[in-house]
Amino acid sequence: MLDEVRWGLSRDPKELSPKFFYDTRGSRLFEEITELDEYYLTRTERSLLRRWMPGWIGDLQPHALVELGAGSASKTRILLDAMRAQDAGTLFVPLDVSEEFLHDAAERLRGEYPDLTVRPEVADLTHPLEMSTELPSPSLFALLGSTLGNFDEAAAVRLLSHVRATMGSADALVLGADLRPGPGKSQAQLEAAYDDAAGVTARFNLNILRVLNREVGTDFPLDAFRHDAFYDPEEGRIEMHLVASRAVSVRVPGLGPVSVDEGESIRTEISCKYDRPTLDRILDGARLRVARWEEDDVGRYALVLARPLPLDV
Ligand code: SAH
Ligand code: AVI
């Protein structure tokens, strides 16, 4: 973690990896975000899952569900219920970097689904997947919440290639993808989802500095930074930043003091927004193809079923 932090704070412009948001407090703040009026992503995805998953699971009859970046696994119940209704899977593998939060979610699901084997995996999706659980065939993988968007295109292809390397030819991946602004979603609505009136996203953003101060021994003064989020139409992505309201000098172990000028910003997250050609290209780069693409009625969000393409030998 310290190496990654040193690397990001030595760059110009400065950046931090969004995976550092998610200690238990950060994961809880994200949960709060998902309930905000402005954050349409979760509820739109939830209704798409309810509409399409029973049929897709009926066709696939998976024996296991592997959820990448599972978080609280709140929408997962829709998939698990569909599997139970089809007498399909009995194994659930939630995978996440946020260890304590993951184990709590796994414990809750064990209570709710006594017949289900729950095998949580603490892992970083930016590395090749090394599962300690052997997966049956077919297995269904899920990457929900548009979490793929927090990776740039090259990193998204790498991440999905790691997933593809773990998949058998009969497996499938269900992907949630937030879409670019269009007739049914203005840029202002998109930006409001990342800058809510109650300030929850601002607290989530600032949480990264608390995590760094505690975990790597930096001394960021939280009161010197404010939340900023904007949509970049050229790149097709939201960027979240922390902007310094005064000049500060921050202790970074192993790097010495790092100065942040007044008005200088640290980028903490990108959240890429997709269209069909972009997602086709990313999936193809990872040897996957779109089998189903379903959007909500105004085209805010897509639920995608991807199937493996043969791997080059
Ligand atoms: N899937 C849930 C949660 C999305 S929040 C939903 O749809 O609501 C993103 C989740 O991905 C968090 O739980 C976070 O801890 C996890 N995450 C972020 N970066 C990760 C990484 N590099 N490796 C594994 N998990 C990661
Ligand atoms: C987890 N991820 C897909 C969220 C997103 O929308 O990019 C994280 C988030 N950042 C700000 N609000 C929510």
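One residue alone among Ala192, Ala154, Ala142 is buried (at least 21 other Cβ atoms within 10 Å of the Cβ) and either under 27 Å from Asp23 (Cβ atoms) or small (Gly, Ala, Ser) (or both), and that residue is Ala142.
Restricting the range 86-107 to residues that are closer than 21 Å to Ile57 by Cβ and within 16 Å of ligand 2 (Cβ to nearest atom), the residue that is nearest to the chain's Cα centre (by Cα) is Leu95. Ser271 - would you say it is part of a strand (DSSP E or B), polar (S, T, N, Q) and more than 16 Å from ligand 2 (Cβ to nearest atom)? Criteria not met by Ser271. Without any contact (Cβ under 8 Å) to a residue 24 or more places away in the chain, in a helix (DSSP H, G or I) and either farther than 16 Å from Phe141 by Cβ or within 11 Å of ligand 1 (Cβ to nearest atom) (or both), is that true of Gly26? No.
Quick grid of which residues meet (1) under 24 Å from Arg210 (Cβ atoms); (2) within 16 Å of ligand 2 (Cβ to nearest atom); (3) at pLDDT 95 or above; (4) in contact with a strand residue (DSSP E or B) (Cβ under 9 Å, 6 or more places away or on another chain):
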position	(1), (2), (3), (4)
Asp3	yes, no, no, no
Pro18	yes, yes, yes, yes
Leu65	no, no, yes, yes
Arg84	no, no, no, no
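Of all the numbered requirements in (1) within 26 Å of Arg300 (Cβ to Cβ); (2) surrounded by fewer than 20 Cβ atoms within 10 Å (Cβ to Cβ); (3) at pLDDT 95 or above, Trp56 misses one, and that requirement is (2).
Total residues in the range 107-165 satisfying the condition of being among the aromatic types (Phe, Trp, Tyr) and within 14 Å of ligand 1 (Cβ to nearest atom): the figure is 2.
The values are calculated or read from the model by the stated rules, or taken from the named source; none is laboratory data. As the structure is a prediction and not an experimental result, all values here were calculated from the model. A quick note on method: Cβ atoms are made from the backbone with ideal geometry, for glycine too, and the neighbour counts reach across all protein chains shown.
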